[in-house]
1. When the scattering of segment 207-311 is computed by the Debye formula from its Cα atoms alone, each counted once and equally, what is log10 I(q)/I(0) at q = 0.11, 0.13 Å⁻¹?
2. Order the following by accessible area, largest value first: R113, R203, R266. Probe radius 1.4 Å; ligands, DNA and RNA are ignored.
3. Going out from 0 in 5 Å bins, what whole percent of all Cα-Cα distances in segment 256-362 drops into each bin?
4. Roughly what % of DSSP beta bridges within the chain run antiparallel, to the nearest 5?
5. Can you compute the charge dipole magnitude of segment 1-131 about its Cα centre, using +1 on each Lys and Arg Cβ and -1 on each Asp and Glu Cβ, nothing else charged? Give it in debye, rounded to the nearest 20.
6. Might you report the magnitude of the Cβ-based charge dipole of the chain about its Cα centre, with Lys and Arg at +1 and Asp and Glu at -1, to the nearest 20 debye?
7. Which are the unpartnered cysteines of the chain, meaning those with no other cysteine Cβ under 4.7 Å from their Cβ?
8. Using a 1.4 Å probe over the heavy atoms of the protein chains, calculate the carbon and sulfur portion of the accessible area of segment 176-321 as a whole percent.
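The values are calculated or read from the model by the stated rules, or taken from the named source; none is laboratory data. Being a predicted model, the structure only gives us computed values, none of them experimental. Cβ placement follows ideal geometry from the backbone for every residue including glycine, while neighbour counts extend to all protein chains displayed. Please note that ligands, DNA and RNA were not included when accessible areas were found on the heavy atoms of the full protein model with its side chains. Shrake-Rupley method; radii C 1.70, N 1.55, O 1.52, S 1.80 Å.
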Amino acid sequence: MQDIEFPVFKTKSQEYKKFDLTDFSQRQKYFEYKAGTEIEKLKEYLNNNTFIVYLLGKKSSGKGTYAKMFKEIIAPDKVEHFSIGDMIRSFDEVLKDPAKKEELIGFLQKKYRGPMPLEDIIKSMEERSTKVLLPSELILALTEREISKLGKKAIFIDGFPRDMDQVSYSLFFKSLIDYRDDPDIFVMIDVPTNVIDQRVKTRVICPICNTSRSLKLLSTKNVEYDSEDKKFHLICDNSACPSLNSGKAARMVTKEGDESGIDPIRPRLEKDEILMGQIYRMHGIKKVFLRNSIPVNQVKEYTDDYEITPEFFYSWDESSKKVITSEKPWEVKDDEGNDCNSLMPPPVVVSLIKQLVGVLGL
């Protein structure tokens, strides 16, 4: 990313051990092997402390995936991934319920102070208008409301700040939600535009828990073949997904509009990059730098082979009635036109874990 240096983080182990990073139990062993000491430090820290992380990266850069995996490994009951976008969308159902709508309006009458009339805001939300930009003051009020319901947890905030005027708000946001004594950290994520484009085009999500995977780049342990539509479908393997406990894991689905790739969101990607540059130049705030890609000529020095994102291919074996999955290392051009390999999420999260231990002084 222009003007920001994202160092290559070494996750290559001295003694080679291979793990299946798409399998939950194997991921647990992988994280214990690669960052066991740091994980224990974070678990001990979270017994009596919290922190706020602001996830900064281009849209579809993996913010939710990294945060949810961190939560899965460190402390599912003490860490929360909080998506501003998911929060706003959740109010669609709130506004359809007269009692909940009245409670929400009552809250905003007490808390919201901003340039746009509250009546216009509610109307815009009910109409799901994309032409009206919700004011930052409203986002702050709603976020305070929802975070207060979580209890005292470490929080990864995904989607804030999103605009330039929200940067200064974020610097003092922890005071608003009574996290005054705990550190706030900006995690900056660098992902090549070509990687994001392919992620968007091949992304699928769990309709139950919203976990994101990719049919091409981030498969799950179980894949189904549907003989009617003649397509392959990933099956959610998030250990915290309610569908797993019901006995029938959910089939992951494509999000509407993803087939177009990054073209509809290109202006948003450019704004995200400018925003990250602005925060990068700020002093007095803790920062963590995560990068998704590694130049091909540095891969063997810095990573183990199974940490590289594979490109998945599927075929149906009629005789055994099973899906056959094959793969090869996925090679892609970075934003400078250099050949690089994309990392699987776990090694990026290893980098996150180890850097957080450093900035927290553990």
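1. One equal scatterer on each Cα of segment 207-311 leads to -0.60, -0.81.
2. Details: R113 150, R203 35, R266 100 Å².
Descending accessible area places them as R113, R266, R203.
3. 2, 9, 12, 14, 18, 17, 13, 7, 4, 2, 1, 0, 0
4. Values: 25 of 46 bridges.
Roughly 55 percent of the DSSP beta bridges within the chain come out antiparallel.
5. On the way: 25 positive and 22 negative charges, 63 e Å.
Using Cβ point charges on Lys, Arg, Asp and Glu, segment 1-131 gives about 300 debye.
6. Values: 56 positive and 59 negative charges, 121 e Å.
It comes to approximately 580 debye.
7. So far as the 4.7 Å Cβ criterion goes, C340 stand without a partner in the chain.
8. Roughly 48 percent of what the probe reaches on segment 176-321 is carbon or sulfur.
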